[in-house]
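Reading through the structure tokens given below for one structure.
The values are calculated or read from the model by the stated rules, or taken from the named source; none is laboratory data. Here the structure is a predicted model, which is why all the values come from computation and not from measurement. With ideal geometry, Cβ positions are generated from the backbone for all residues, glycine too; neighbour counts draw on all protein chains shown. When the accessible area is computed, the model is the full protein with side chains, heavy atoms only, and any ligands, DNA or RNA have been set aside. Shrake-Rupley method; radii C 1.70, N 1.55, O 1.52, S 1.80 Å.
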Amino acid sequence: MHSFSAMFNKKQDSSDTRRIPHGSPVASTSQQMNGIIRPAYVIERYAAYYPMNHKRRGMALLFSHNKYNVRNVPLPVREGSAVDCKRLKETLDLFGFDVKVYQDFKLEEIKAIVEKVSSMDHRDNDCILIAVLTHGEDGDYVYAHDVSYELSTIWSHFTADNCPSLAGRPKIFLVQACRGNKLDNGVKIQKDGIARYSIPTHADFLFAYATIPGFMAFRNTTEGSWFINELCKELQENGHKYDLVTLLTFVTQKVAYDHESVSNVPEFNMRKQTPCVVSMLTRLLLFNEV
């Protein structure tokens, strides 16, 4: 299952298998006492938009993988991944993110970075974004340079109880990886003040996957992946016009309707892909201009 990219030639498609908020923020010290999360700020309970007017946009961690050394698992080189990483970094730079790229890190190195970042003080940040560009498998397993791991290894560090300074703030995860071996054949168609309320520990997460569970995600060996390509285009063209979930809907539309795989191997030729968005956001996320 890990030798699919070898079946594709250059310029063919491979796979990665294996504005003004309605509530004003109130500054305070982020802490946790007796099981009670005290966020860095509290906004009106039913505010429609996340406040995006802090001192900084926030950190963007890009875990990009091209080459692997996994025991007994001969993973192919992810040709085209460097294009994705470069394009995504440039796009996030435009939105004011503090972008950090971690290339071909081992799992323990990834965990060390995540633990360090989750322990930081994010009170002056709008949000956090983490992207994982790699091979993947069923069950939300993805590959570090040396071993596979569950995505929860990363995101669980940023729940409200583990990272109080990001409680109530958007936590965005982008995953460019396969989620199984299935192929999609497609179908031909003709208020001011402090508001006190509890925050669930798993609220305010957004996961945007390149494909639905069980299926492959395609990556052009010279142009990069369909998902990251369309995501960056949409952000650059409409990132300050529409909220993020709406933008991702348009990304899903472009990937689903405008792309079809090209391969010399019939089994992998003329296949389709549908991104998958899982949102636990509690407000609209609109990036203001920086």
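Select from segment 203-218 the residues that are touching a helix residue (DSSP H, G or I) at 6+ places or on another chain (Cβ under 7 Å), buried (at least 21 other Cβ atoms within 10 Å of the Cβ) and at pLDDT below 95 and list them in ascending order.
ALA217, PHE218
With the structure loaded, tell me whether ARG45 is of a type outside the set (Phe, Trp, Tyr) and under 18 Å from the mean Cα position of the chain (by Cα) or whether it fails that test.
No; evaluated as a whole, the condition is false for this residue.
Looking at segment 135-150, can you tell me whether even one residue there is of a type outside the set (A, V, I, L, M, F, W, C), out of contact with any Ser or Thr (no Cβ under 8 Å at 6 or more places or on another chain) and over 24 Å from CYS178 (Cα atoms)?
No; the residues of segment 135-150 include none that is of a type outside the set (A, V, I, L, M, F, W, C), out of contact with any Ser or Thr (no Cβ under 8 Å at 6 or more places or on another chain) and over 24 Å from CYS178 (Cα atoms).
So, in segment 98-153, of the ones that are open to solvent by 10 Å² or more (accessible area, probe 1.4 Å), part of a strand (DSSP E or B) and β-branched (Val, Ile, Thr), which residue ends up nearest to ILE172 (Cα to Cα)?
VAL99
If I ask for residues that are surrounded by 14 or more Cβ atoms within 10 Å (Cβ to Cβ) and either at pLDDT 95 or above or over 19 Å from the mean Cα position of the chain (by Cα) (or both), which ones from segment 178-199 would you list?
ASN181, LYS182, LEU183, ASP184, GLY186, ALA195, ILE199
When you scan segment 76-95, how many residues do you find that are over 20 Å from ILE154 (Cα atoms) and open to solvent by 30 Å² or more (accessible area, probe 1.4 Å)?
Looking only at that region, the number is 9.
When you check ARG78 against the structure, is it more than 24 Å from the chain's Cα centre (by Cα) and at pLDDT below 95, yes or no?
no
Just one of (1) at pLDDT 95 or above; (2) open to solvent by less than 60 Å² (accessible area, probe 1.4 Å) trips up LEU284, so point out which.
Here LEU284 meets the rest and fails (2).
Which of (1) loosely packed, with under 14 Cβ neighbours inside 10 Å; (2) within 19 Å of ASP204 (Cβ to Cβ) does PRO266 not meet, given it meets every other one?
(2)
If a residue has to be surrounded by 20 or more Cβ atoms within 10 Å (Cβ to Cβ), farther than 20 Å from MET120 by Cβ, modelled with pLDDT of 95 or more and of a type in the set (A, V, I, L, M) to count, how many in segment 42-75 make the cut?
Going through segment 42-75 one residue at a time, the tally reaches 0.
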